[in-house]
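Beneath this line is the structure, given in structure tokens, with notes to follow.
The values are calculated or read from the model by the stated rules, or taken from the named source; none is laboratory data. The shown structure was predicted, so the numbers you read here are calculated from the model rather than taken from an experiment. Here the Cβ is made from the backbone with ideal geometry for all residues, glycine too, and neighbour counts use every protein chain on show. Remember, those area values only see protein heavy atoms, side chains included, never the ligands or the DNA or RNA. Shrake-Rupley method; radii C 1.70, N 1.55, O 1.52, S 1.80 Å.
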Amino acid sequence: MLTFDYQRAGSVADAIGRVTAEGARFYAGGTNLLDLMKSGVESPAVLVDVRGLGLNEIEESAAGGIVIGAGATNSAVANHALVRTRYPVLSQAILSGATTQIRNMATVGGNLMQRTRCPYFMNPATGPCNKRVPGSGCAARDGSHREHAVFGTGLPCIAVHPSDMAVALAALDAVVHVTGPDGARTIAIRDFYVLPAAHPDRDTCVRPDELIVAVELPPSPFGPRSWYLKVRDRHSYAFALVSVAAAVQLNDGVIRSAAVALGGVAATPWRAPAAEAALTGQAPDRQAFLAAADAVVAGASPLQHNSFKVDLAKNSVVRALSEAAARRA
């Protein structure tokens, strides 16, 4: 690891001011950034510690949702009473990720900003990577890509986004609050992540000098009728081959609204509006769930080594929806 300077910010404004310097990065739990620094993928000259800025509160919003400070740890969010009762799919998603020790360190803001675990990205010695060096090529395309994307495979990068939490937030229509030198702005989670098109090195629309300060969840119509399913090679500390955040709103035995988002299948959390539309107005039965699953994978374009993900995604959607619909209101 190259040498770097460590600075502790005294306020949000102070942190932003320090990061405007060339080569500076925000630092909180460091569970992903430090790994990337050790492997040589990232080499910031300065780390600006934002852990002491009081951004760890989890509170009810005036609208009846909740506001989660970006500095709150994953463990604190997953175990918070408001999250567990009103947004159980978020708690389930967080608890399915990493180990307890990592969840105790990792923060909400860092989780949103974490980078892909594609081995070609994580290890510069393995070959070219458009996400590390745009225009250099994608070693995964002709190499091992069993764990890679089945949506957006015609893009310069076929790596998948690793966050479980982000998949649940996508289903819940979260809003991300950021602030920077030009002031504060809010970003809908559907716009927060960007596909690896002209700039495959960019994962989000957040500028380098902008700090995530909070994530806001609107009131949810789903309540306990939601479920997070994560399918992986092993139960402990493994990233998803396919994951599904599913939620349904039932009224008089009919699905009035639904939310379906997938992880492990694309460069971003993959929301499935066609599946949600197919579910609306239907009885919550296997036939409806199978139709939704077909709608989810209609645009899939798998690669040589990961075509199994298409059937896996379909089966996972059916199971997640079945579990969500069976929850008691």
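Quick test for you: out of Ala267, Ala274, Ala247, pick the one residue that is under 19 Å from the mean Cα position of the chain (by Cα), at pLDDT 95 or above and more than 15 Å from Glu323 (Cα to Cα).
Exactly one of Ala267, Ala274, Ala247 is under 19 Å from the mean Cα position of the chain (by Cα), at pLDDT 95 or above and more than 15 Å from Glu323 (Cα to Cα), namely Ala267.
Let me spell it out: the conditions are (1) open to solvent by 10 Å² or more (accessible area, probe 1.4 Å); (2) part of a helix (DSSP H, G or I), and Leu321 meets all of them except one. Which number is the exception?
That leaves (1) as the condition not met.
Out of Ala149, Ala140, I need the residue that is crowded, with 17+ Cβ neighbours inside 10 Å and in contact with a helix residue (DSSP H, G or I) (Cβ under 8 Å, 6 or more places away or on another chain). Which one?
Testing whether each residue is crowded, with 17+ Cβ neighbours inside 10 Å and in contact with a helix residue (DSSP H, G or I) (Cβ under 8 Å, 6 or more places away or on another chain) leaves just Ala140.
How many residues, within region 291-308, are open to solvent by less than 60 Å² (accessible area, probe 1.4 Å) and assigned to a loop (DSSP other than H, G, I, E, B)?
Of the residues in that region, 7 qualify.
Go through region 156-169 and give me each residue that's open to solvent by 10 Å² or more (accessible area, probe 1.4 Å) and not in a loop (DSSP other than H, G, I, E, B).
Asp164
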